[in-house]
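Notes follow the structure.
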Amino acid sequence: MSRIKKAFENGKAFIPFITAGYPDVETSEKNILSAIENGADLVEIGIPFSDPTAEGPVIQTANVEALKNGITTDKVFEMVKRLREKTEVPFVFMTYANVVFSYGMERFCSNAKEAGIDGIILPDVPFEEKDEFSEVMKKFDIDMISLIAPTSENRIAMIAAEAEGFIYIVSSLGVTGVRSKITTDIPTLVSQVKASAKVPCAIGFGISTPEQAKEMSRYADGVIVGSAIIKIISKYGVDSPKYVGEYVRSMKEAIR
Amino acid sequence: MDKSKGRFGTHGGQYIPETLMNAVIELEEAYNRYKDDPEFNRELTELFNEYAGRPSRLYYAEKMTKDLGGAKIYLKREDLNHTGAHKINNVLGQALLAKKMGKTRLIAETGAGQHGVATATAAALFGMECVVFMGEEDTKRQALNVYKMKLLGADVVAVKSGTATLKDAVSEAMREWTNRIEDTHYCLGSVMGPHPFPTIVRDFQAVISKEIKEQMLEKEGRLPDAVIACVGGGSNAIGSFYNFIEDKDVKLIGCEAAGRGINTKETAATLNTGRLGIFHGMKSYFCQDEYGQIAPVYSISAGLDYPGVGPEHAWLFDTKRAEYVGITDDEAVDAFEYLSRMEGIIPAIESSHAVAYAKKLAPTLDKDKIIVVTISGRGDKDCAAIAKYRGEDINE
């Protein structure tokens with residue numbers, strides 16, 4: 001059984017997002033381990049991109065800072081390799097098309113597989129453009145994670161039917177970031193996705209509190225949290241692993 | 001890549017978040033419905049002629065021609081359009097389309113501010129809301145245009161992320177569009193971004209080469225030997241080239257901003273220094289590092305200060321149908337001053353890149369050759385910055 005599939009077998013999955021190299025490689029590595037020790041079922045690891053067009057200000061800043069501090073795609077691969085020696089929790093990369101394309105698609109996927117990556121999320125590659133990427137990923141047994149948005153409507157069945165690993169349901173319009181309220185009709189959106197999906201689905205964008213997570217987990221198989229965690233990292237810097245751990249534990253308990 | 005749309009060779013496509021897919025599909029469907037609609041075209045032509053002042057003149061620059069002593073030089077005067085640049089062509093087309101689609105709000109990115117001013121102008125004319133995203137750096141370089149946009153009723157958002165220039169303004173406009181799609185049309189200003197923008201913007205700008213062809217046949221009874229235009233994203237250039245692409249004897253020459261030189265890091269000459277990549281919705285050439293991080297490009301011209309180029313230009317480059325040359329800041333500033341004194345025409349610093357190449361090319365050609373240089377915009381907006389470049393503070 002694939003590692004991603006296993007992530008959804010321990011009740012509802014909690015999926016934290018952590019930007020590699022923010023504020024530095026060592027701290028992000030510790031944060032990922034701390035999240036896993038405290039119940040993360042799958043970890044989304046962000047490879048920073050200079051111009052992350054799908055991100056709100058919090059993750060944009062993390063991307064810029066991490067790059068300023070010298071993170072590179074090769075250093076992220078090395079970090080994942082070290083983490084993989086310590087854990088079997090699935091990892092998916094979250095990055096932008098150019099980071100993969102420019103590195104060389106074959107070379108990227110080969111190195112990612114060797115490091116222990118299970119899936120890749122590319123928010124700027126929609127269904128119409130995915131084959132170019134997914135065909136190479138398939139060769140290396142890496143799942144290409146598809147996203148479905150509140151505006152997907154008539155596209156949902158088509159995307160869900162071809163989805164691999166898990167489906168990332170975008171809860172809200174706009175970019176990533178903490179939201180006090182999610183206004184999308186989540187029950188309807190999730191049920192539409194589930195009608196065609198062969199893989200589990202997790203909801204992300206705007207979720208920060210245990211209450212929101214609990215509400216989302218009533219419908220979906222997992223909950224993804226990014227900006228709220230990056231905010232903690234930005235606040236506590238090198239001391240953040242302890243606080244990230246506490247936060248992940250509270251979120252996992254809320255949805256268990 | 002069978003499902004992928006809007007390809008120019010390997011370039012183009014739709015590399016955007018899923019959230020925007022239905023919006024670009026809706027736009028494509030609306031465009032396909034209206035582009036050949038007689039009523040739509042009648043309205044657009046009326047706006048072009050009565051409001052924007054088209055057709056723009058094709059002016060024989062006799063003094064410049066004599067001074068350079070070679071090919072005959074004609075200037076396509078897009079600077080004489082309402083709002084002072086070619087940008088209005090595309091904006092009137094898109095605003096009319098947005099109106100037909102029932103949109104009530106226009107958002108746009110802008111570099112030099114010309115596209116922002118044109119969008120704010122169309123929004124005022126059509127009674128639409130308007131928000132323009134502009135890099136903070138550019139709001140300083142182009143303070144006059146910021147004032148104009150506000151005067152026209154637009155909100156101007158100074159973008160502080162990244163290099164605070166055109167690329168960041170595009171990113172921020174895209175982010176805003178994902179946030180509010182229902183009533184909002186993203187009026188993209190160049191032949192870039194996801195399909196259908198490169199095609200739509202090209203079609204609205206193609207009026208430039210359509211007119212050049214008619215005017216040239218009328219004045220000279222033949223086609224020109226070369227057409228020269230500056231290239232940032234590439235909208236005035238594709239507009240100037242488009243109706244000549246099939247006329248293989250007409251040389252098409254795009255002038256990129258080389259900044260301090262194509263061998264320095266302070267350049268924005270994408271086709272001369274960039275590599276194939278995927279960014280801002282399209283596959284094309286981009287200035288980037290070995291890991292695909294987009295480079296912080298540089299040019300004195302805010303309108304050419306962009307790390308990518310439209311996909312159709314990338315294709316014209318690959319197929320060698322067009323040639324792309326780099327023009328430095330120094331050469332552009334010299335050309336800015338040259339055309340002002342020689343012909344009494346103050347060109348935009350962007351257009352000055354094309355003038356600079358014409359200055360080099362014309363003397364190498366025989367007197368019976370003809371070249372057309374597109375003056376994409378007027379240079380009023382640049383006077384303060386050029387004065388500063390020459391060490392003079394005119395305290396705008």
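The values are calculated or read from the model by the stated rules, or taken from the named source; none is laboratory data. Remember, it's a predicted structure, so these values are computed and weren't measured experimentally. As a convention, Cβ positions derive from the backbone with ideal geometry for all residues, glycine included, and neighbour counts pool all protein chains shown. Surface areas here come from the heavy atoms of the whole protein model, side chains and all, with no ligands, DNA or RNA. Shrake-Rupley method; radii C 1.70, N 1.55, O 1.52, S 1.80 Å.
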- Task: For residues that are among the basic types (Lys, Arg) and within 14 Å of chain A (Cβ to nearest Cβ), scanning just segment B:149-192, find the one that is nearest to B:Arg105 (Cα to Cα).
- Result: B:Arg180
- Message: Suppose the filter is in contact with a His (Cβ under 6 Å, 6 or more places away or on another chain) and either on the phi < 0 side of the Ramachandran plot or among the small types (Gly, Ala, Ser) (or both); does B:Lys103 pass it?
- Response: yes
- B:His86, sole failed condition from (1) farther than 28 Å from B:Thr184 by Cα; (2) under 21 Å from the mean Cα position of the chain (by Cα); (3) open to solvent by 10 Å² or more (accessible area, probe 1.4 Å): (1)
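Residues are listed down the side, and each one gets a yes or a no for (1) in a helix (DSSP H, G or I); (2) at pLDDT 95 or above:
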position: B:Leu96; (1), (2): yes, yes
position: B:Lys99; (1), (2): yes, yes
position: B:Ala112; (1), (2): no, no
position: B:Thr119; (1), (2): yes, yes
position: B:Cys130; (1), (2): no, yes
position: B:Asn145; (1), (2): yes, no
- Task: Of the conditions (1) facing chain B (nearest Cβ under 7 Å); (2) in contact with a Gly (Cβ under 8 Å, 6 or more places away or on another chain); (3) crowded, with 24+ Cβ neighbours inside 10 Å, A:Phe101 clears all except one; give me its number.
- Result: (3)
- For segment B:87-115, how many residues are β-branched (Val, Ile, Thr), under 15 Å from B:Asp203 (Cβ atoms) and in contact with an Asp or Glu (Cβ under 7 Å, 6 or more places away or on another chain)? 0
- Query: Can you find even one residue in segment B:330-341 that is over 21 Å from the mean Cα position of the chain (by Cα), within 16 Å of B:Leu252 (Cβ to Cβ) and in contact (Cβ under 8 Å) with a residue 24 or more places away in the chain?
  - Reply: no
- Return only the number of the condition from (1) in contact with a Leu (Cβ under 8 Å, 6 or more places away or on another chain); (2) not in a helix (DSSP H, G or I) that B:Lys3 does not satisfy. (1)
- Find all pairs meeting these conditions: Cβ atoms under 8 angstrom apart; at least six residues apart or on different chains; first residue within segment A:45-73 and under 15 Å from A:Phe17 (Cα atoms) and free of Cβ contacts under 8 Å to residues at least 12 places away in the same chain; second residue buried (at least 24 other Cβ atoms within 10 Å of the Cβ) and not aliphatic (A, V, I, L, M). A:Gln60/A:Pro52
- Just give me the residues in segment B:316-347 being part of a helix (DSSP H, G or I), open to solvent by 30 Å² or more (accessible area, probe 1.4 Å) and closer than 14 Å to B:Arg260 by Cβ, in sequence order. B:Asp330, B:Glu331
- Message: So in segment A:194-236, with the set limited to residues that are β-branched (Val, Ile, Thr) and out of contact with any helix residue (DSSP H, G or I) (no Cβ under 7 Å at 6 or more places or on another chain), which one is surrounded by the fewest Cβ atoms within 10 Å (Cβ to Cβ)?
- Response: A:Thr209
- Message: When you check B:Ala354 against the structure, is it hydrophobic (A, V, I, L, M, F, W, C) and either open to solvent by 10 Å² or more (accessible area, probe 1.4 Å) or free of Cβ contacts under 8 Å to residues at least 24 places away in the same chain (or both), yes or no?
- Response: no
- Quick one: is A:Thr188 crowded, with 19+ Cβ neighbours inside 10 Å and among the polar types (S, T, N, Q)? no
- Criterion: in a strand (DSSP E or B) and more than 12 Å from chain B (Cβ to nearest Cβ) - qualifying residue of A:Ile145, A:Ile120: A:Ile120
- Run down B:Asn41, B:Asn22, B:Asn49 and say which single residue is within 14 Å of chain A (Cβ to nearest Cβ) and open to solvent by 30 Å² or more (accessible area, probe 1.4 Å). B:Asn22
- Query: Does A:Arg155 satisfy the condition of being within 11 Å of chain B (Cβ to nearest Cβ), of a type in the set (D, E, K, R) and surrounded by fewer than 24 Cβ atoms within 10 Å (Cβ to Cβ)?
  - Reply: yes
- Residue count, segment B:223-236, condition touching a helix residue (DSSP H, G or I) at 6+ places or on another chain (Cβ under 7 Å) and either within 17 Å of B:His86 (Cβ to Cβ) or loosely packed, with under 14 Cβ neighbours inside 10 Å (or both), comes to 9
- Among residues of segment A:19-42, those that are buried (at least 24 other Cβ atoms within 10 Å of the Cβ) and either over 21 Å from A:Arg256 (Cβ atoms) or among the small types (Gly, Ala, Ser) (or both), counted: 8
- Message: Given the criterion touching a residue at least 12 places away in the same chain (Cβ under 8 Å), open to solvent by 30 Å² or more (accessible area, probe 1.4 Å) and either more than 8 Å from chain B (Cβ to nearest Cβ) or within 19 Å of the chain's Cα centre (by Cα) (or both), identify the matching residue among A:Glu88, A:Glu135.
- Response: A:Glu88
- Checked segment B:281-294 for anything over 13 Å from A:Pro126 (Cα atoms), more than 7 Å from chain A (Cβ to nearest Cβ) and either in contact (Cβ under 8 Å) with a residue 24 or more places away in the chain or crowded, with 24+ Cβ neighbours inside 10 Å (or both); matches are B:Lys283, B:Ser284, B:Tyr285, B:Phe286, B:Cys287
